[in-house]
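Report on one structure; see the data block that follows.
The values are calculated or read from the model by the stated rules, or taken from the named source; none is laboratory data. This structure is a prediction, so every number in the text was calculated from the model and none was measured. Here Cβ is always computed from backbone atoms with ideal geometry, including for glycine, and neighbour counts include all displayed protein chains.
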């Protein structure tokens, strides 16, 4: 009997003692920087920070998209105040169709290149999963808990509301009957600012860039949250 | 004796908390007349509005986190309409999460135009701020009166100006716009409304300290008097912070029962029922009453704004004094039913 008790106590001790260690193991490690050789070479030539070059490249690609958006908007019905939500949808769909036509060959990674995707994962990691928060005034623990709660709330709302699954595809329409998940402000603080026509949304573990006026997915980072 | 002591102490404490407030402001604080104490919430008959309801005053309602289309939103909407029959408010402030879930035409119907039909039919205007669950394209929905903008200001009547902010995307451009607007403002009541609360006792979200860091200096510098927010699915009134009165009304359709955790800055809270607020401004006094979908009063009182001080670059605090009739902290969440 004593032997059984001793084994039980030992098992309990191991279980409680190992729990924090297991939890620590379960926490994903921070993503390692993945800078392309081209960027590394350019950084060396210009004596620049490679990460700054990656973000500058992102900005350039966003600007290029915005030029397409603005050109398409010239011929699309203007988004204006209306009592009829269907008219808002119609304006979005018209603009979306024109943008789609203008970038018919667009594919994932045109804006979010591999090194930009990696940079985004690194920017999000501290507030979502990392041991310390950056760019916020709250404590690391509180910020992470808040982000976690908000993502959980998104997930619950998705279950409650139903709607079509979001197809992660460049140029795809964001399903109008599907909840738009929120993006925690702490995450937004850490990401590059977008022009007012675009927004970030976290869909599941993925980060999408959504064109608000056209309601289309411009590009996305799969598994932005690991 | 104790009341007299408090009456002397509160203005002194507020004055001490505003070291750079003008002498005039401090004098006005000390010279203010007390606002009559409101009855305790428990003693107010269900559905009764205890605001002064004075002819010519500015009357409005506040709802938040509304857009579910479910029975709770409908119940609050029904009570809101019933309340208007005795307290004729002219407009409704929506502090965000106006349309949860999808945002098809049917959604706008089920989650806005149908629940509030009696009010809309009565010509009541709604002014919306965007919440984290809202599609920014809602700004083009005319009944939200956003003028196609994510952030905007409006003056529904002489003596008060509202500032609707998009707290999900508080970027430099918006902050500059806000500051420019405040610089141009006059001596009216200045009320900001947006979704995320800079102060909150909520266990789920809590205070948005990042937002507080961004906005509070502007609030203080330019004399924002009152801040209305949602996001947390309960009602809460915060003890005035740097002279600013903060309210959370995020349970007009969603509720997180027992979510208020003890916090020093909480003045009153209610997290066991669905709520909305009715508010009345008469001169330098703003009276408020928070009610449930069943018409029960859960909080009431007033804030007194001292003086009509024009914004100046050197002013770092504004004269506002809380005078809550029943500003006792409510019992713990579990005991509030």
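Tabulated results
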quantity	calculated
Candidate set from segment B:202-230 (those that are modelled with pLDDT of 95 or more and under 21 Å from residue B:271 (Cβ atoms)); member that is farthest from the other protein chains (Cβ to nearest Cβ)	B:228
Scope segment B:51-74; condition out of contact with any helix residue (DSSP H, G or I) (no Cβ under 8 Å at 6 or more places or on another chain), surrounded by 20 or more Cβ atoms within 10 Å (Cβ to Cβ) and over 15 Å from residue B:281 (Cβ atoms); matching residues	B:64, B:65
Count - residues of segment B:234-253 that are in a loop (DSSP other than H, G, I, E, B) and surrounded by 24 or more Cβ atoms within 10 Å (Cβ to Cβ)	6
Wholly within segment A:35-118, helices (runs of 4 or more DSSP H) carrying at least 2 residues that are modelled with pLDDT of 95 or more and within 14 Å of another protein chain (Cβ to nearest Cβ)	A:85-102
Subset of segment B:88-129 that is more than 14 Å from chain A (Cβ to nearest Cβ) and assigned to a helix (DSSP H, G or I) - its residue that is surrounded by the most Cβ atoms within 10 Å (Cβ to Cβ)	B:119
Any hit, segment B:178-198, residues being free of Cβ contacts under 8 Å to residues at least 24 places away in the same chain and closer than 15 Å to residue B:215 by Cβ	yes
Lone unmet requirement of (1) closer than 26 Å to residue A:102 by Cβ; (2) within 9 Å of the chain's Cα centre (by Cα); (3) within 14 Å of chain B (Cβ to nearest Cβ); (4) surrounded by 22 or more Cβ atoms within 10 Å (Cβ to Cβ) for residue A:201	(4)
Scope segment B:200-229; condition outside any strand (DSSP E or B) and closer than 19 Å to residue A:148 by Cα; matching residues	B:200, B:201, B:203, B:204, B:205, B:206, B:207, B:208, B:209, B:210, B:211
Every residue from segment A:179-197 that is more than 22 Å from residue A:51 (Cα to Cα) and surrounded by 20 or more Cβ atoms within 10 Å (Cβ to Cβ)	A:179, A:180, A:181, A:182, A:183, A:184, A:185
Selection within segment B:130-171 - without any contact (Cβ under 8 Å) to a residue 24 or more places away in the chain and either away from chain A (no Cβ under 11 Å) or touching a strand residue (DSSP E or B) at 6+ places or on another chain (Cβ under 7 Å) (or both)	B:140, B:142, B:145, B:146, B:152
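Table: residues versus (1) over 18 Å from residue B:131 (Cα atoms); (2) facing chain B (nearest Cβ under 10 Å); (3) touching a helix residue (DSSP H, G or I) at 6+ places or on another chain (Cβ under 9 Å); (4) at pLDDT 70 or above.
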{"position": "A:138", "(1), (2), (3), (4)": "yes, yes, yes, no"}
{"position": "A:142", "(1), (2), (3), (4)": "yes, yes, yes, no"}
{"position": "A:154", "(1), (2), (3), (4)": "no, yes, no, yes"}
{"position": "A:212", "(1), (2), (3), (4)": "no, yes, yes, yes"}
